[in-house]
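Below you'll find the structure, written out as structure tokens, and then a few comments.
The values are calculated or read from the model by the stated rules, or taken from the named source; none is laboratory data. Quick caveat: nothing in here was measured; it's all calculated off a predicted structure. Every residue, glycine as well, gets a Cβ built from its backbone with ideal geometry; the counts of neighbours run over all protein chains shown. Heads up: the accessible areas ignore ligands, DNA and RNA and are worked out on the full protein's heavy atoms, side chains in. Shrake-Rupley method; radii C 1.70, N 1.55, O 1.52, S 1.80 Å.
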Amino acid sequence: MGRSGELSEFQRGTVVGCHMCQKSLRQIANLLNLPRSTVNNVIVQWKRERRTCPLPRCGRPHKLKEDDRQVLERLAREQSFPSMAALTTEFRRASGANVSKATVTRELREMGLNLRSSNEGKVKERRRVPKTTEARPEGQVQPDDRDPADVSRLDLRAGCIIRTMQLPGTDGLYLQHVDVGEAHPRTVVSEHVPVDLNCMGVLLCNVKPTQVRGVASQAALVCVRSANGLEILAPPNGAVPGDRVTAHGFTGDPHEELEPAKVRERMGSDLRTDERCVATYKDVPLEILGKGVCRAPTLSDCQVVLMAGPWREDAETLFR
């Protein structure tokens, strides 16, 4: 009998007899060609209950042996059959098992397989169908239904520009090294005019990194744009690198990485400076708690934009 089959009463008695003849588990297993775990189970049952026959099992046993189940699974996965009847016929021929179509169908279902009703006749793995979201009354919001593109998803931080230089081989592109409160400064490539060293600004730190002329741009400089030029958005006095810029009432956590194309239509017209040059989101000031609001030096009622790589390729796509 194979290793995966049920032991007969004779085999169980033989195991017990060998045990009583002082043979070890290894010797009995090798002699009877049985797993040592099976031999041990028979001996333990004999010691505890003085019997060798197994107790009746609960539930309906499999009609197919494990070897036959493997044959059925291989046929179902590797070959195409026009119907379940054809698969059953081929399985009977390959395994020699005399089983019905209903048994084959049940065994396939327990394996997680089912037969397509199409003309291809291929067997595929059953996939769990996601449940549809139940309609909720208007105004009823679950905790995870927060606006997926509000300003809380932006990792805006105060940063200090500690180095700036023109990017070699370019006309008008600048490379800045910016301290945003991390162990190492981030590199930012933009088309903005050079700024003074140790100048404070606001940076978007979870924008998807881009390669510009072989240099990784790891953040985006937040600026204010008018028809006459650009100005860096400045954090309040007393801000230090790494301070989080937020808007009151928007308390979510930032995304790990932003795809600009997914948020440009939702946030484009909502980020602006007001008549006092204060940067706002939906008329709510951008601020660093306990220190003040973020402002543009002179530009009021203007669009807030990002300087991330070449302006016409990248920056205008996020906040337009």
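Name every residue in the stretch 162-195 that is open to solvent by 40 Å² or more (accessible area, probe 1.4 Å), modelled with pLDDT of 90 or more and aliphatic (A, V, I, L, M), in order of residue number.
Scanning the stretch 162-195 gives a single hit, Ile162.
Whether any residue in the stretch 221-228 is crowded, with 19+ Cβ neighbours inside 10 Å, under 19 Å from Arg153 (Cα atoms) and under 30 Å from the mean Cα position of the chain (by Cα) is what I want to check.
Within the stretch 221-228 (the criterion being crowded, with 19+ Cβ neighbours inside 10 Å, under 19 Å from Arg153 (Cα atoms) and under 30 Å from the mean Cα position of the chain (by Cα)), the answer is yes, since at least one residue qualifies.
Asn198 versus (1) open to solvent by 20 Å² or more (accessible area, probe 1.4 Å); (2) over 15 Å from Val240 (Cβ atoms); (3) of a type in the set (S, T, N, Q): which is the lone unmet condition?
Among (1) open to solvent by 20 Å² or more (accessible area, probe 1.4 Å); (2) over 15 Å from Val240 (Cβ atoms); (3) of a type in the set (S, T, N, Q), the lone unmet condition for Asn198 is (2).
Here's a check for you: in the stretch 284-298, which residue that is under 10 Å from Thr273 (Cβ atoms) and open to solvent by less than 30 Å² (accessible area, probe 1.4 Å) is farthest from the chain's Cα centre (by Cα)?
Looking at residues that are under 10 Å from Thr273 (Cβ atoms) and open to solvent by less than 30 Å² (accessible area, probe 1.4 Å), I get Ala296.
I'd like the full set of residues that are touching an Asp or Glu at 6+ places or on another chain (Cβ under 9 Å) and surrounded by 15 or more Cβ atoms within 10 Å (Cβ to Cβ), limited to the stretch 72-109.
Passing the criteria: Leu72, Glu73, Leu75, Phe81, Phe91, Ser95, Ala97, Val99, Glu107, Leu108.
Identify, please: which residue in the stretch 229-241 is over 15 Å from Gly292 (Cα atoms) and crowded, with 17+ Cβ neighbours inside 10 Å and is, among those, modelled with the lowest pLDDT?
Among those residues, the one meeting the criterion is Leu230.
Scan the stretch 118-138 and give yes if some residue there is modelled with pLDDT under 60 and at positive phi, otherwise no.
Scanning the stretch 118-138, I find at least one residue that is modelled with pLDDT under 60 and at positive phi, so the answer is yes.
Yes or no: Arg244 open to solvent by 60 Å² or more (accessible area, probe 1.4 Å), modelled with pLDDT of 90 or more and more than 22 Å from Gly172 (Cβ to Cβ)?
yes
Of the residues that sit in the stretch 10-27 and are among the hydrophobic types (A, V, I, L, M, F, W, C) and within 18 Å of Cys53 (Cα to Cα), which one is most open to solvent (accessible area, probe 1.4 Å)?
Phe10
Taking the stretch 279-320, which residues are touching a helix residue (DSSP H, G or I) at 6+ places or on another chain (Cβ under 6 Å), part of a loop (DSSP other than H, G, I, E, B), at pLDDT 75 or above and under 15 Å from Leu233 (Cβ atoms)?
none
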